[in-house]
Amino acid sequence: MSETQPLTVVVTGATGNVGTSVIEALGSRSEVRSIRAIARRPTDLTYPKTEFLVADTGQDDLRPLFRGADVVIHLAWIFQPTHDPVSTWENNVGGAIRVFEAAAAEDVSAVVYSSSVAAYSPGPKDTPVDESWPTNGWPGAAYPREKAYLERWLDGYEHNNPEMRVVRMRPGFIFKREASTAQRRLFVGPFLPRQLVRSALIPVVPRTPGLSFQALHSADVGEAFAEATVRPVRGAFNLATEEKVDAKYLAKMLGARSIPAPAPLLRAGVWAAWHAHVIPASPGLFDTVLRLPLMDITRARRELGWSPRYTAKDALEEFIEGVREGSGMDTEPLAPDGPARRIAELSQGVGRRDR
């Protein structure tokens, strides 16, 4: 990849939470000449330097779409149907492998892949881990299993393609206002009234050992991916704010009280709601969050020159406000809330289909 020639960048999963932020960040870079934004469904969105293309990474021929590209950024991923892990495996793992193989076949110089904190093996909640922490995931849920498997697959891929620059981004929980409705659909479901989602109406927060995570704003993730695209870096990068979001943090943010809540009790509630198709998030995802390590972001600061501009509080407040307002964007994955959308969620089966 020449340092003087502007780059052609392909982005899969371009119309989702991270994809829209990545495209926005890339469009402002002088090092980027053009962006091919790939999504399963068409959109009327417009961004500088960007052409939207419709393709399914799990089925379509990707080589013509990657031809002549300098960098492929792979973001395409589905969370549902949570009751059919074979379908998510075929799309997420099979689709990712097809992307990586097509990039190698077309002599693309760099692949930037969105892995996740969920790829990490269970780890400490008090001492942040760096990128050398094992990436064996948590076997009890589809999402960490898939992320961990691709980490292992990429080990062999890097060995077989030593001339290619392979970057693995491992972000924490990602929020922005425009993605709030989509995340409500994916993880909470259609039975949450928007009017009740406000700080004043959340009097208590469950205090459960291990129930903590790191959050960051989607715009910061977009900037990190842009840096990884234009800089000659390789390997893994943790992305997060350094704040630990737990019951104490949320209670202070919401002006609420934290009360003890045993993990088995909460898990039983999630299990019952998921099996009854009331919520789409599986109990395995709850188990995963209990085991996620905190991440150290020193390498991203040092080699990407990246630091989050938004705090975890900023990102979470946007999420809460966005759910209450029914916020979204003009893409199918990020479509705003409304009665027709709620009816569609119910008719398709909660947790059965990814929108």
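The values are calculated or read from the model by the stated rules, or taken from the named source; none is laboratory data. What you see is a predicted model; the values in this text were computed from it and never measured. Cβ: placed from backbone, ideal geometry, glycine included. Neighbour counts: every protein chain shown. Accessible surface is based on the protein model in full, side chains and every heavy atom, while ligands, DNA and RNA are left aside. Shrake-Rupley method; radii C 1.70, N 1.55, O 1.52, S 1.80 Å.
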Original post:
On a 0 to 90 degree scale, rounded to 10, what angle separates helix 17-27 from the longest Cα axis of the chain?
Top reply: 40 degrees
Original post:
Based on Cα positions only, what radius of gyration and what Dmax would you give for region 16-142, in angstroms?
Top reply: 16.4, 47
Subject >> Residue-level accessible surface for Glu24, protein heavy atoms, 1.4 Å, Å² >> reply: 120 Å²
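In region 171-252, what percent of the accessible surface is made up of carbon and sulfur (1.4 Å probe, ligands and nucleic acids excluded)? Intermediate values should be presented prior to the final figure.
Values: 2030 of 3300 Å².
The value for region 171-252 is 61 percent carbon and sulfur by accessible area.
Suppose only helical runs count, i.e. DSSP H with n ≥ 4. What mean residue ellipticity at 222 nm does that imply for the chain under -39500 (n - 2.57) per run, divided by all residues and rounded to the nearest 500 deg cm²/dmol?
Values: 13 runs with 127 residues, N = 355.
Rounded to the nearest 500, it is -10500 deg cm²/dmol.
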Subject >> Relative contact order [Cα under 8 Å, 6+ residues apart], the chain, whole percent >> reply: 22 percent
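Rounded to the nearest 5, what % of DSSP beta bridges with both residues in the chain are antiparallel? Mind showing how you got there, number by number?
Working: 1 of 38 bridges.
Around 5 percent of the beta bridges assigned by DSSP in the chain are antiparallel ones.
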Original post:
Protein chains only, probe 1.4 Å: how do Trp271, Trp89 rank by accessible area, largest first?
Top reply: Trp271, Trp89
Subject >> Folded to 0 to 90 degrees: helix 312-325 orientation relative to the chain principal axis, Cα >> reply: 70 degrees
Original post:
Per residue and in Å³, how big is the convex hull formed by the alpha-carbon atoms of region 258-355?
Top reply: 175 Å³
**OP:** Of the listed values [x] 16.3; [y] 23.1; [z] 24.8, grab the one calculated as mean projected area of the Cα convex hull in nm² from the structure here.
**Re:** [x]
**OP:** Just add up the charged neighbours of Val112: K/R +1, D/E -1, any other residue whose Cβ is under 9 Å from the Cβ of Val112.
**Re:** +2
**OP:** Send over a whole-number figure in Å² for the accessible area per residue of the chain, probe 1.4 Å.
**Re:** 43 Å²
Subject >> Accessible surface of His159 - all protein chains present, 1.4 Å probe, nearest 10 Å² >> reply: 140 Å²
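Percent of accessible area on region 15-93 owned by carbon and sulfur, 1.4 Å probe?
On the way: 1670 of 3480 Å².
Answer for region 15-93 is 48 percent, counting heavy atoms of protein chains only.
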Subject >> Whole-Hz ³J(HN,Hα) from phi, Karplus 6.51 cos²θ - 1.76 cosθ + 1.60, for region 327-333, glycine and proline x >> reply: 5, x, 9, 7, 9, 4, x
